[in-house]
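Read the structure below first, then the notes.
Laboratory data are not the source of any read-out in this text; all were calculated from the coordinates shown. Predicted model only: the values in this text are computed from it and were never measured. Note that each Cβ is placed from the backbone with ideal geometry, even for glycine, and that neighbours are counted across all protein chains shown.
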Amino acid sequence: MRNKYIENFEKAQIAEKNIPDFRAGDTVRLAVTIKEGDKTRVQNYEGVCIAIRGEGTGKTVTVRKIGANGVGIERVFPIYTDSINEITVVRRGRVRRAKLFYLRDLAGKAARIKELRRK
């Protein structure tokens, strides 16, 4: 049982953000605000969404990208945080699971995800 005042507050926060519809297997680009000293800048983080968990304002997304020298980098982003300016879906993936943790063990061409073709 959750407090109705907290639920109303969370609904108001969720209504402010414009989040596109995406799921695991989709390649997403997140525009993240980074603060360095007194300066701020926006840096894009693009990778495959391997998991979405939580609900309400506590909802998080795990994004995996391949960095330098083929090293996999995963970051967990709270979706409704102020540090995320924009979320863009780059391509839709065709997968059969909700959590794609098996991609951690794959490398190269084996780690590719087929693109979802819309009719």
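Among the GluC sites (Glu not before Pro) within segment 1-105, which fall in a DSSP loop and have no more than 16 other Cβ atoms within 10 Å of their own Cβ? Spell out each step's value before the answer.
On the way: sites: Glu7, Glu10, Glu16, Glu36, Glu46, Glu55, Glu74, Glu86; in loops: Glu55.
Passing sites in segment 1-105 are Glu55.
Please give the charge dipole size of segment 46-91, origin at the Cα centre, charges +1 on K and R Cβ atoms and -1 on D and E Cβ atoms. Round to the nearest 20 debye. It would help to have the intermediate numbers written out before the result.
Numbers: 6 positive and 5 negative charges, 38 e Å.
About 180 debye.
Compared with the direct C-alpha span, the chain from Arg53 to Arg29 gains 6.8 nm at full extension, assuming 0.36 nm per residue.
What trypsin sites (Lys or Arg not before Pro) does segment 65-118 have in DSSP loop regions with at most 14 other beta carbons within 10 Å? Intermediate results must be reported in sequence, preceding the final value.
Values: sites: Lys65, Arg75, Arg91, Arg92, Arg94, Arg96, Arg97, Lys99, Arg104, Lys109, Arg112, Lys114, Arg117, Arg118; in loops: Arg92, Arg94, Arg96, Arg97, Lys99, Arg112, Lys114, Arg117, Arg118.
Qualifying residues, ordered by number: Arg94, Arg96, Arg97, Lys99, Arg112, Lys114, Arg117, Arg118.
Take every pair of alpha-carbon atoms less than 8 Å apart whose residues are at least six positions apart; their mean separation over the length of segment 4-110 yields a relative contact order of 31 percent. Helix 4-16 and the longest principal axis of the Cα set of the chain meet at an angle near 60°.
Using the count of nearby Cβ atoms within 10 Å as a rough guide to exposure, how do Val32, Val76, Val48 rank from fewest to most? Can you show the working numbers first?
Values: Val32 16, Val76 10, Val48 24.
By the 10 Å Cβ count, ascending, the order reads Val76, Val32, Val48.
Listed from fewest to most Cβ neighbours within 10 Å, the set Ile79, Ile66 follows the order Ile66, Ile79.
With contacts defined as alpha carbon pairs under 8 Å and 6 or more residues apart, what's the relative contact order of segment 49-104 in percent? Intermediate results must be reported in sequence, preceding the final value.
Working: 65 pairs, mean separation 18.8, N = 56.
Result for segment 49-104 is 34 percent.
For the chain, what does the alpha-carbon gyration tensor say about shape, rounded, prolate or oblate, given a ≥ b ≥ c as the root eigenvalues, a/c under 1.5 as rounded, and a/b over b/c as prolate?
Details: a/c = 2.03, a/b = 1.37, b/c = 1.48.
It comes out oblate by the Cα gyration axes.
Only aspartates and glutamates eight or more places from Lys17 in sequence, or on another chain, were considered; those with a Cα closer than 12 Å are Asp82, Glu86.
So for Thr40, Thr57, fewest C-beta neighbours within 10 Å to most, what's the order?
Working: Thr40 10, Thr57 16.
So the residues, fewest neighbours to most, are Thr40, Thr57.
Summing Cβ point charges (Lys, Arg +1; Asp, Glu -1) relative to the Cα centre of the chain gives a dipole of roughly 820 debye.
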